[in-house]
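Working notes, beginning with the structure itself.
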Amino acid sequence: MAPQRAVQLSLKKPTYAVCVVGIETYVDVYSAVPKGAETFRVSGSSGVEVFMVYNTAQVTEPTGEAHWPLDAGVDVIISVDAASKALNDLKVKVSYFGQQKGGALGHSVLYLTGADISLDVDTGRTGKVKRSHGDKKTWRWGPEGYGAVLLVNCDRDSLRSREIDLTSSQLTSLDDLQDMAPMVLSCDGPDELFDNHKLVLNVSLSDSRRVGVFCARGGNSLSDYKQVLGPQHLYYEVDRHPGERKISFYVEGLAFPDADFLGLVSLSVSLVDSKTLPEVPQFTDTVTFRMAPWIMTPNTQCPLELYVCSVVDSHGSNEKFLKDVSDLVLKANCKLIVCPHVENRGDRWIQDEMEFGYIEAPHKSFPVVFDSPRDRGLKYFPYKRILGPDFGYVTSEIPFADVSDLDSFGNLEVSPPVTVEGKEYPLGRILIGSSFPKSGGRRMGKVVIDFLKAQQVQAPVELFTDWLFVGHVDEFLSFVPTSDQKGFRLLLASPSACFKLFQEKKEEGYGEAAQFDGLKHQVKRSINEMLEDRRLRNDNLYVQRCIDWNREVLKRELGLTERDIVDIPQLFFLNNSYAEPFFPDMVNMVVLDKYLGIPKPFGPIINGGCCLEEKVRSLLEPLGLCCIFIDDYLSYHKMLGEIHCGTNVRRKPFPFKWWHVVP
């Protein structure tokens, strides 16, 4: 360990210094040397460790009455192993000798006071603070990494408050302490030492906007916890009580990693000699935290809650749809939460309004809803109805005039865990829809993309979705869980697979079987008519090329093979050069464990059953999945959305700890 500070000695009078436990101090034995001195000897009292640093090729360790040479660059380093009981109760003596035998030519005396000063956090990521003598300034990723984790205090623990906890410089609930990271300041030493020395906590100006520190003095009153560092406080002179050896603090995060914030914040404590002007820090200890990232959960994670809107408007009621979704939720054994009309204000697209994720530290984890910038009828629902105790909230704001359809969160998905050319993504990769490379089409807002990239643990992949009228990734892909070694399949909408199926049915003699059979107010289209419709064919050739472009990106960026992909028959048509689904879009499904809520396609009826449904069952049920087809034709499909667009699922967090990732 490099010397923390240097102490110069005097031949005329004793020198006094404070030595912090575990910190090496360099003793300057050369600045005041008696005339004629050529060698020296050092001795220390009990409790002081003295060791010499020298070049073994030039100096031999003295034995017997021999002394250390003054002309060989021998350094004297001292340290103490415990706090002193009284001022100046430790001693180091340096004696100087000449060439002639006899007594010393002079002596220098150093009186020491041992102080145990240390700032400690959960660097070992065990959920508890332990004393650390290692590197607390550095934060390292990976299973062998170390460094403390900080949660952004983005929930609302007090039911009487209307604001997110992090916006208040005062504690609003004792429960809020559980969201904060503990920090302990050790400050043992003689009380008299702190008459002339003070302990000062510091935070940099840039970090002060991202971290808050509360001092804890015990008790069950909110007034016992005072914010001492934060946006309004860059330093705090610690109020140490007589005999106090440890002082507890609680640290909260105020901001997620983002384009201008790597996620690391540091706090320091300094022991300052208040007798000197200017005041001089004699020792500084620094700890570094990393802000816990916001993490999305894929369809392969167990469902906990399904959210859906109850709507009654000019298009009618979705009461039947709600009943079917309720039956599905019952099968999957998760909770159903219905957002009533008074709260959704006619906005049924709850998938587009928000995305569920979570944040985690070794001592605590809680869900966090990411509110999209789309801000329609559901604008206030995430903040007013989801934010609460142990349920956080975050958003990225975009000027309303700059918001596009691609900023809705149906355009935000995440893959299951994957490995790509040996690199592991144990929390999957985020997928966002965008314009074609080098084109000037629609894109998700830069502030949202920057936020997602800054989390680091789910490296985003941009896909091409601007060919779609709505433009969301969930319109042509979905992931489903499987019980085999791979653990999932990627489902892709496939016009080619649909035309192939219809051609097979025609050759089997079912060419007159009709799409949309049984639907009122919808023109039926026979298999023969669809196969002969040149415009429909050309539209879907274009769509297939767009999907195939994405297919190659997904294979490359997620490390997939063709065996990992299932083609789901689906047709589209072009409307002003943008694609819309020709019949309900079956990949736009809700996944609740093995139960799949799939838009009912109203395909041609053959031998009493829908041939599209039968095809999808034949593809997915051998994987252990249960296909449940739900009629969303009038309540969602006719308004350019499907079941996934109209639902939202909160899922169980990953068991994998994000800090074990190597980005």
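The values are calculated or read from the model by the stated rules, or taken from the named source; none is laboratory data. Owing to the predicted nature of the structure, the values given are computational and were not obtained by experimental measurement. Virtual Cβ from ideal backbone geometry, glycine too; neighbours counted across all protein chains shown.
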Residue hits (the range 624-653; free of Cβ contacts under 8 Å to residues at least 60 places away in the same chain and part of a helix (DSSP H, G or I)) are HIS637
For residues that are of a type in the set (Gly, Ala, Ser) and crowded, with 18+ Cβ neighbours inside 10 Å, scanning just the range 602-645, find the one that is farthest from PHE321 (Cα to Cα).
GLY603
From the options LEU519, LEU531, residue that is part of a loop (DSSP other than H, G, I, E, B), over 19 Å from LEU431 (Cα atoms) and not assigned by TED's automatic domain parsing to the domain that holds PRO143
LEU519
Against the definition (aliphatic (A, V, I, L, M), at pLDDT 95 or above and touching a helix residue (DSSP H, G or I) at 6+ places or on another chain (Cβ under 8 Å)), how does VAL94 come out, yes or no?
no
Among residues of the range 392-434 being surrounded by fewer than 19 Cβ atoms within 10 Å (Cβ to Cβ) and polar (S, T, N, Q), the residue nearest to LYS555 (Cα to Cα) is THR419
Here are some residues: SER46, SER79. Which one is closer than 25 Å to TYR16 by Cβ, of a type outside the set (D, E, K, R), not assigned by TED's automatic domain parsing to the domain that holds SER186 and not in a loop (DSSP other than H, G, I, E, B)?
SER79
Checked the range 1-60 for anything surrounded by 12 or more Cβ atoms within 10 Å (Cβ to Cβ), of a type in the set (D, E, K, R) and more than 30 Å from GLU192 (Cβ to Cβ); matches are GLU38, ARG41
Could you go through the range 177-199 and let me know if any residue there is at pLDDT 95 or above, closer than 24 Å to SER365 by Cβ and acidic (Asp, Glu).
yes
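For (1) touching a residue at least 24 places away in the same chain (Cβ under 8 Å); (2) outside any strand (DSSP E or B); (3) under 24 Å from ARG290 (Cβ atoms); (4) touching a Leu at 6+ places or on another chain (Cβ under 7 Å), each residue gets a yes or a no:
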site	(1), (2), (3), (4)
GLY410	yes, yes, no, no
SER439	yes, yes, no, no
LEU463	yes, no, no, yes
GLN485	no, yes, no, no
ALA497	yes, yes, no, no
Condition set surrounded by 24 or more Cβ atoms within 10 Å (Cβ to Cβ) and touching a Lys or Arg at 6+ places or on another chain (Cβ under 9 Å), scope the range 153-171, selection nearest to PHE256 (Cα to Cα): answer is ASP165
Residue among ILE598, ILE547 that is in a helix (DSSP H, G or I), surrounded by 22 or more Cβ atoms within 10 Å (Cβ to Cβ) and modelled with pLDDT of 95 or more:
ILE547
Can you name the residue in the range 250-279 that is among the charged types (D, E, K, R) and more than 13 Å from the chain's Cα centre (by Cα) and is also surrounded by the most Cβ atoms within 10 Å (Cβ to Cβ) among such residues?
GLU252
Among the residues of the range 1-45, which ones are of a type in the set (Gly, Ala, Ser) and without any contact (Cβ under 8 Å) to a residue 24 or more places away in the chain?
ALA2, ALA6, SER31
Within the range 59-87, how many residues turn out to be over 48 Å from the mean Cα position of the chain (by Cα) and either at negative phi or modelled with pLDDT of 95 or more (or both)?
14
All but one of (1) more than 21 Å from SER132 (Cα to Cα); (2) in a loop (DSSP other than H, G, I, E, B) hold for GLU244; state the number of the condition that does not hold.
(1)
Exclusive hit being in a loop (DSSP other than H, G, I, E, B) and at positive phi, set GLY124, GLY145, GLY134, GLY102
GLY102
From the list MET639, MET589, which residue is under 26 Å from ARG537 (Cα atoms), within 32 Å of the chain's Cα centre (by Cα), aliphatic (A, V, I, L, M) and outside the structural domain of ALA148 (by TED's automatic domain parsing)?
MET589
Qualifying positions in the range 438-453 - within 15 Å of the chain's Cα centre (by Cα) and at pLDDT below 90:
none
Name the strands (runs of 3 or more DSSP E) wholly inside the range 330-371 in which the number of residues that are closer than 22 Å to GLY428 by Cα, at pLDDT 95 or above and assigned by TED's automatic domain parsing to the domain that holds GLY392 is 2 or more.
354-361, 364-371
Scanning the range 234-277 residue by residue, the ones that are over 30 Å from PRO190 (Cβ atoms) and among the small types (Gly, Ala, Ser) total 4
Is the range 396-407 home to any residue that is touching a residue at least 60 places away in the same chain (Cβ under 8 Å), outside the structural domain of ASP175 (by TED's automatic domain parsing) and within 28 Å of PRO655 (Cα to Cα)?
no
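Residue by residue, here is whether (1) farther than 17 Å from PRO293 by Cα; (2) at pLDDT below 95 holds:
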residue: TYR111; (1), (2): yes, no
residue: GLY114; (1), (2): yes, no
residue: ASP120; (1), (2): yes, no
residue: ARG131; (1), (2): yes, yes
residue: GLY134; (1), (2): yes, yes
residue: TRP139; (1), (2): no, no
residue: ALA148; (1), (2): no, no
residue: LEU151; (1), (2): no, no
residue: CYS154; (1), (2): no, no
Among VAL457, VAL448, VAL480, VAL470, the single one that is assigned to a strand (DSSP E or B) and among the β-branched types (Val, Ile, Thr) is VAL480
Which condition from (1) of a type outside the set (Gly, Ala, Ser); (2) outside any loop (DSSP other than H, G, I, E, B); (3) in contact with a Gly (Cβ under 8 Å, 6 or more places away or on another chain) is the one that LEU185 breaks?
(3)
When you scan the range 585-598, do you find a residue that is of a type in the set (Phe, Trp, Tyr) and over 20 Å from THR297 (Cα atoms), even just one?
no
Residues in the range 188-206: is at least one closer than 24 Å to ARG290 by Cβ, of a type in the set (Phe, Trp, Tyr) and more than 22 Å from the chain's Cα centre (by Cα)?
no
